[in-house]
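The structure appears right after this line, and notes come after that.
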Amino acid sequence: MSEDLPHIESVVDTLYSLAPADFVARRSAYATEFKKAGDKAGAARIGALRKPTVVAWLVNNLARQDESALAELFDLGEQLERAQQRGDGRRLRELSTARSTSIRALTETAVSLGHDLGITVGDNAVREIGNTLNAAMADLDVRDRVRAGRTVAAETYSGFGPALLSLVPDAPEDDDTEQDDARETEDEHEDDRSTIDEAERNRLLAELDSAEAELDTARIDAEEATAEHQRCEAELHSAAAEVARIESELDAAKARARQSRKASKASSVHVRSAMDVHEAARARVAEARSALDALT
């Protein structure tokens with residue numbers, strides 16, 4: 001594993017600080033880098049990171065730009081929980097008002113930060129930012145994601161713990177009770193519909209992110225397979241060239257062998273002919289000596 005790889009947590013923080021439009025490309029680049037370096041577990045974790053929605057990115061940006069304000073909001077949530085455990089209605093109403101004021105201010109800050117970066121924030125997004133901050137006060141898991149700047153989608157609180165998200169209203173006037181109840185019921189129905197829509201949106205976003213992660217993984221595998229294929233092709237061409245060279249040398253050697261056999265046969269004939277001549281010359285020499293001896 002390469003020591004030059006960035007720390008995985010640093011990579012996660014970097015990705016969730018990016019604008020959503022830049023997230024997928026950078027995630028793919030990091031996943032490829034880790035996989036090529038041999039860190040398959042790190043590559044898998046990076047590839048599985050969900051792309052944040054615009055609302056989630058605005059909340060993440062807020063968390064990075066105004067940590068102290070978020071800390072004050074979460075402290076307010078803890079005070080609300082303690083007041084609720086004591087059954088202190090007056091204190092609950094005070095804290096609920098403070099909570100609404102704080103969430104409104106933080107939402108405006110998140111929207112302003114988005115505007116500074118060229119992001120247009122609609123009314124629905126504003127509402128979802130407030131819902132996410134509300135949920136972070138009541139749900140520790142959501143709070144941890146928001147505080148770390150790693151929120152991936154708008155959040156809503158649907159747990160059964162302390163009802164930190166329930167405002168504690170002042171006692172209504174008797175003659176307005178029915179109208180208030182009707183408005184409250186209508187608001188509850190609207191919140192239910194909003195929660196269902198948000199849950200469906202988050203489910204679809206999760207499916208989309210999962211599909212994108214699978215696509216990134218498949219693309220990386222395809223790139224590696226292509227590189228391996230190209231390497232094998234290069235080795236095949238090299239081996240074919242080597243075979244051709246050897247075959248050419250073998251053909252040349254065979255030709256030289258044929259020439260050598262022909263030369264060997266020719267020299268064998270020449271040797272036999274030379275020996276015959278040599279024998280004939282010896283015979284003549286012997287006859288000449290015998291004739292000379294006879295004269296003397």
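The values are calculated or read from the model by the stated rules, or taken from the named source; none is laboratory data. None of these values were measured; they are calculated from a predicted model. Positions of Cβ are generated from backbone atoms using ideal geometry, with glycine treated the same way; all protein chains shown enter the neighbour counts. Accessible surface is based on the protein model in full, side chains and every heavy atom, while ligands, DNA and RNA are left aside. Shrake-Rupley method; radii C 1.70, N 1.55, O 1.52, S 1.80 Å.
Over all distinct Cα pairs, what is the inverse of the mean 1/r for the range 33-86, reported as the Kirkwood hydrodynamic radius in Å?
Evaluated on the range 33-86, it is 14.4 Å.
Straight-line reach from LYS51: which lysines fall under 25 Å, measuring Cα to Cα and dropping same-chain residues less than 8 apart?
LYS35, LYS36, LYS40
Can you spot the lysines whose alpha carbon is less than 27 Å from LYS265's alpha carbon? Ignore those fewer than 8 places along the same chain.
Within the straight-line limit of under 27 Å, LYS265 reaches these lysines: LYS254.
Per residue, what accessible area does the range 23-147 have, given a 1.4 Å probe and all protein chains present, in Å²?
On a per-residue basis, the range 23-147 sits at 48 Å².
Loop only per DSSP, at most 10 neighbouring Cβ atoms within 10 Å: give me the chymotrypsin sites (Phe, Trp or Tyr not before Pro) in the range 1-107, ordered by residue number.
Sparse-neighbourhood loop chymotrypsin sites (Phe, Trp or Tyr not before Pro): none present.
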